[in-house]
Amino acid sequence: MAREFTLQKTQKERQPTRADAYTTAAVAWNLEKANHSISHRWNGLSNSLGYHAGRLAKQRSSENPGFWLLA
């Protein structure tokens, strides 16, 4: 009887509450915000690398027109 009571009590205590819902929403929002930030940073880095690679290729091809044939 005592064991059944503790099981019922434990299950009742584990029912989701409004605080749990707010916590879950806050965690989900923060993860989304972090993902969005990382995405923007990665896009910026990717654009920057593409820009510098293009500049380097342009510089190399002007120095040596046959550069692309050697690559």
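What follows is calculated from the coordinates using simple rules that are stated; it is not laboratory data. Keep in mind that what you see is a predicted model, and the values were worked out from it rather than measured. For neighbour counting, all protein chains shown are included, and Cβ atoms are generated from backbone atoms with ideal geometry for every residue, glycine included.
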Exercise for review: Per residue of region 20-36, in order, report the coupling 6.51 cos²θ - 1.76 cosθ + 1.60 (Karplus, θ = phi - 60°) as ³J(HN,Hα) in whole Hz, putting x for Gly and Pro.
Suggested key: 4, 5, 5, 5, 4, 5, 5, 5, 4, 5, 5, 5, 5, 4, 5, 4, 5
Review point. Taking the simple approach of a point 7 Å from Cα along Cα-to-Cβ for both R18 and R55, what is their distance in nm?
Key: 5.6
